[in-house]
Amino acid sequence: GVLLAKIQRAKANGVEHTRLLQAQGVLKQLKPLTLGKEVLKEAMRWEKVTCSQTGSIVDPCPTASCSCNSPGLPDEELEFVDKALQDAVGAADADKKLFEDLVEAALSLPDTCVWSSDGKWILSSPERNQVPERLFALLGNSPAVPPLKKMIAWTEKKYKCKIGACQLNFHPSGESFHAQHRDIMDPDQIQRAGRNCTCSFRRSAIGTCCFSIGSHRQVLLEAACDEGDLMSIASVYQRCGDDCKGWKERKYFESGTAMWFNAAWNQNHTHGIPPCEEPCGPRISVALLCVPAH
């Protein structure tokens, strides 16, 4: 991420094309940091899951008239669906079973299949292709595959979409995090996103559905106040002044809950999982990128 941003700035500053190609070649050759088997065995255990708090905290900009304080435009969609995983799979203990099955699958795969990305760890094929079919081929006969397919079917039916990518994020402890970000929802944004981007879809996405499994974690939702980031996305919200504090909501993401947001919400907001301030156990999230059904 940081190295790619420097390459982008160099390109904008007119650095010659040959040197840019050299830098991109070095970037591709960097070996990822992987999560070792011993850490997986010790940290990613269901008995270490913590479920300490629930609810949400809203922190608006002190300036009442700030546009950040009125998120929720007519075309924006954001919802949290309690026990969505249990509903999709049809079992009360679906979260525990899937958590344990995904950890067992990770332990059976090469270390390069669980790699570091912006504060958390991603389980994927070594070439980082997260198309569902490629993920299922990687997992083989793992008992994690049937519930994942049911979660995809549930999402496709509820949000009238097809799933273009499935990302499995591992959080061994409260120290892990998912940096604040917008999701990539357009093929043109993929090239700008860097080597940690595993998107391979060819059509613009309509939204994201993310299932949380294991320990309760806060998800931080923020109104974006910018003129476009690395993804060339610009928010409709504007800062009320140089001292604008923006709008934030911290909501506890419970095990089995699904978070859905559409492309319009993604354009105007960022989301992420901050590090925990209190002791926290392991968590896995299953993020499904939704593309048009037809």
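With the checklist (1) under 21 Å from Lys96 (Cβ atoms); (2) modelled with pLDDT under 95; (3) in a strand (DSSP E or B); (4) touching an Asp or Glu at 6+ places or on another chain (Cβ under 9 Å) in hand, flag the one item Cys276 doesn't pass.
Result: Cys276 fails condition (3) only.
Counting just the residues of the range 37-54 that are of a type outside the set (A, V, I, L, M, F, W, C), within 16 Å of Glu278 (Cα to Cα) and in a loop (DSSP other than H, G, I, E, B), which one comes out least open to solvent (accessible area, probe 1.4 Å)?
Step by step, filter the range 37-54, then rank; the result is Thr50.
Can you tell me which residues in the range 107-152 are assigned to a helix (DSSP H, G or I) and closer than 23 Å to Ala43 by Cβ?
Taking the range 107-152 and keeping what is assigned to a helix (DSSP H, G or I), we get 107-108, 111-113, 132-139, 145-152.
Correct list: Leu107, Ser108, Asp111, Thr112, Cys113, Leu135, Leu138, Leu139, Pro147, Leu148.
Please pick out the residue among Ser117, Ser124 that is under 25 Å from Asp183 (Cα atoms), modelled with pLDDT under 90 and polar (S, T, N, Q).
Numbers: Ser124 fails: modelled with pLDDT under 90.
So the residue among Ser117, Ser124 that is under 25 Å from Asp183 (Cα atoms), modelled with pLDDT under 90 and polar (S, T, N, Q) is Ser117.
Just the residues that are out of contact with any helix residue (DSSP H, G or I) (no Cβ under 8 Å at 6 or more places or on another chain), closer than 23 Å to Thr208 by Cβ and in contact (Cβ under 8 Å) with a residue 40 or more places away in the chain, please, taken from the range 61-80.
Selection gives Cys68, Glu79, Phe80.
Quick check on this structure: which one of Asn262, Asn268 is open to solvent by less than 20 Å² (accessible area, probe 1.4 Å) and farther than 30 Å from Lys149 by Cβ? I'd like the intermediate steps shown before the answer.
Values: Asn262 fails: farther than 30 Å from Lys149 by Cβ.
Going through Asn262, Asn268 in turn, just one is open to solvent by less than 20 Å² (accessible area, probe 1.4 Å) and farther than 30 Å from Lys149 by Cβ: Asn268.
From the list Leu85, Leu33, Leu78, Leu73, which residue is open to solvent by less than 40 Å² (accessible area, probe 1.4 Å) and among the hydrophobic types (A, V, I, L, M, F, W, C)?
Among Leu85, Leu33, Leu78, Leu73, only Leu85 is open to solvent by less than 40 Å² (accessible area, probe 1.4 Å) and among the hydrophobic types (A, V, I, L, M, F, W, C).
Sort out which residues of the range 88-102 are open to solvent by 50 Å² or more (accessible area, probe 1.4 Å) and touching a strand residue (DSSP E or B) at 6+ places or on another chain (Cβ under 9 Å), and write them in order of number. Full working, then the answer.
Keep residues of the range 88-102 that are open to solvent by 50 Å² or more (accessible area, probe 1.4 Å), which gives 90, 92-93, 96-97, 100.
Residue satisfying the conditions is Lys96 alone.
Give Ser235, Ser255 a once-over and let me know the one that is in contact with an Asp or Glu (Cβ under 6 Å, 6 or more places away or on another chain), assigned to a loop (DSSP other than H, G, I, E, B) and surrounded by 22 or more Cβ atoms within 10 Å (Cβ to Cβ).
Testing whether each residue is in contact with an Asp or Glu (Cβ under 6 Å, 6 or more places away or on another chain), assigned to a loop (DSSP other than H, G, I, E, B) and surrounded by 22 or more Cβ atoms within 10 Å (Cβ to Cβ) leaves just Ser255.
The values are calculated or read from the model by the stated rules, or taken from the named source; none is laboratory data. Quick caveat, the model's predicted, so the values are computed rather than measured. So basically every Cβ, Gly included, is an ideal-geometry build from the backbone, and we count neighbours across all protein chains shown. We work out accessible area using only protein heavy atoms, side chains counted, and drop any ligands, DNA or RNA first. Shrake-Rupley method; radii C 1.70, N 1.55, O 1.52, S 1.80 Å.
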